[in-house]
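Taking it in order: structure first as structure tokens, then the write-up.
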Amino acid sequence: MSELSAVKHNQYARRIRLLQQRLAWMRTRTFGPLVKRSFDVLVSGLLLLILLIPGLLTILIIRLDSSGPAFFAQKRVGRHGRLFLMWKFRSMCIDAEQRLATLKQQNEIADNVNFKMKRDPRITRVGGFIRKFSIDEMPQLWNVFIGDMSLVGPRPPLPREVAQYTPYERQRLAVKPGITCVWQVSGRSDIPFKQQVEMDLHYIANQSFFYDIILLLKTIPAVLKAKGAY
């Protein structure tokens, strides 16, 4: 190969590499998020319709079991630190937030960032059941539908939890929060916070449409087993 031909060959190879990099960037920045968002809207909208009757029955049972509204809205931290209202079926007494201060010494999570108690006295009779099988999370399908959340992604933390994050831990806010995630299908609240962060960052680095499908399929047996749900 002549020197001129070698130069032309190198220029052609460089253009091919640049084109491949550009296509990879477009798939990551445009096609990937577009597919994920379209899938979120389609599935959440369909599930909202399918679960309408069970949802209405849940509302009725909650209202009959204890005083207060059937829904509970709480400020959570979303992508890049944006605050939004996350919806749940109410599983605790109406003064649960006020009673939290008196229970903090009984926190069963060693990292002290999250708060969890296996026998939290604030949980109602119906609340214990709907929390165990994640029925209380059903209204978050609306959060997914309107774009605050995704079906799959790191769970949305509370502002007081994010205030304790290190810069490394704040990286889990790089994507939209989700209804389910890696540690949700691997033990839920039994997974230590530091390990939750590592699992979330692994997901962010390796996320894809097919990875989301796998996690959604794993969510079904994880919910039925109710391991780490409290």
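Among the criteria (1) under 13 Å from the mean Cα position of the chain (by Cα); (2) within 23 Å of Phe129 (Cβ to Cβ), the one Lys218 does not fulfil is (1).
Considering only the range 175-200, how many residues are among the hydroxyl-bearing types (Ser, Thr, Tyr) and part of a loop (DSSP other than H, G, I, E, B)? Can you show your working first?
First pass over the range 175-200, keeping only residues among the hydroxyl-bearing types (Ser, Thr, Tyr): 180, 186, 189.
Pick out the ones that are also part of a loop (DSSP other than H, G, I, E, B) and you get 186.
Number of matching residues: 1.
Which one is most open to solvent (accessible area, probe 1.4 Å), of the residues in the range 160-170 that are within 17 Å of Pro192 (Cα to Cα) and part of a helix (DSSP H, G or I)? Working first, answer last.
First, the residues of the range 160-170 that are within 17 Å of Pro192 (Cα to Cα): 161-162, 164-166, 168-170.
From the residues that got through so far, the ones that are part of a helix (DSSP H, G or I) too are 161-162, 169-170.
Working: Glu161: 24, Val162: 12, Glu169: 9, Arg170: 108 Å².
Checked the range 160-170; the qualifying residue most open to solvent (accessible area, probe 1.4 Å) is Arg170.
Would you point out the residue of the range 144-156, among those that are crowded, with 22+ Cβ neighbours inside 10 Å and in contact with a Pro (Cβ under 8 Å, 6 or more places away or on another chain), that is farthest from Arg37 (Cα to Cα)? Among residues in the range 144-156 that are crowded, with 22+ Cβ neighbours inside 10 Å and in contact with a Pro (Cβ under 8 Å, 6 or more places away or on another chain), the one farthest from Arg37 (Cα to Cα) is Pro156.
For beta carbons closer than 7 Å, sequence separation of 6+ or different chains, a first residue in the range 159-182 that is free of Cβ contacts under 8 Å to residues at least 60 places away in the same chain and a second that is open to solvent by 50 Å² or more (accessible area, probe 1.4 Å), the qualifying pairs are Val182/His202.
Apart from one condition, Lys218 fits all of (1) touching a helix residue (DSSP H, G or I) at 6+ places or on another chain (Cβ under 6 Å); (2) buried (at least 18 other Cβ atoms within 10 Å of the Cβ); the exception is (2). Is the range 34-49 home to any residue that is modelled with pLDDT under 95, acidic (Asp, Glu) and open to solvent by less than 50 Å² (accessible area, probe 1.4 Å)? For the range 34-49, residues modelled with pLDDT under 95, acidic (Asp, Glu) and open to solvent by less than 50 Å² (accessible area, probe 1.4 Å): absent.
Looking only at residues in the range 201-215 that are closer than 14 Å to Ser150 by Cα and in a helix (DSSP H, G or I), which one is most open to solvent (accessible area, probe 1.4 Å)? Reasoning before the result, please.
So the first thing to find is which residues in the range 201-215 are closer than 14 Å to Ser150 by Cα, and the list is 203-204, 207-209, 211-213, 215.
Applying the additional criterion that residues be in a helix (DSSP H, G or I) yields 203-204, 209, 211-213, 215.
Working: Tyr203: 7, Ile204: 36, Phe209: 81, Tyr211: 48, Asp212: 14, Ile213: 50, Leu215: 6 Å².
Result: Phe209.
Can you tell me which residue in the range 92-123 is least open to solvent (accessible area, probe 1.4 Å), limited to those that are part of a loop (DSSP other than H, G, I, E, B) and either of a type in the set (Lys, Arg) or at pLDDT 90 or above (or both)? Spell out how you get there, then give the answer.
Initially, the range 92-123 is screened for residues part of a loop (DSSP other than H, G, I, E, B), giving 93-95, 107-122.
Filter once more, so that each one left must be either of a type in the set (Lys, Arg) or at pLDDT 90 or above (or both): 116, 118-119, 122.
Numbers: Lys116: 60, Lys118: 122, Arg119: 202, Arg122: 14 Å².
Ranking the candidates gives Arg122 first.
Is it the case, given these coordinates, that Lys88 is charged (D, E, K, R), modelled with pLDDT of 75 or more and in a strand (DSSP E or B)? When the stated conditions are applied, Lys88 passes them.
The values are calculated or read from the model by the stated rules, or taken from the named source; none is laboratory data. Here the structure is a predicted model, which means the values were calculated and not measured. Positions of Cβ are backbone-derived with ideal geometry, glycine not excepted, and every protein chain shown enters the neighbour counts. For accessibility, only protein heavy atoms count, side chains too; no ligands or nucleic acids. Shrake-Rupley method; radii C 1.70, N 1.55, O 1.52, S 1.80 Å.
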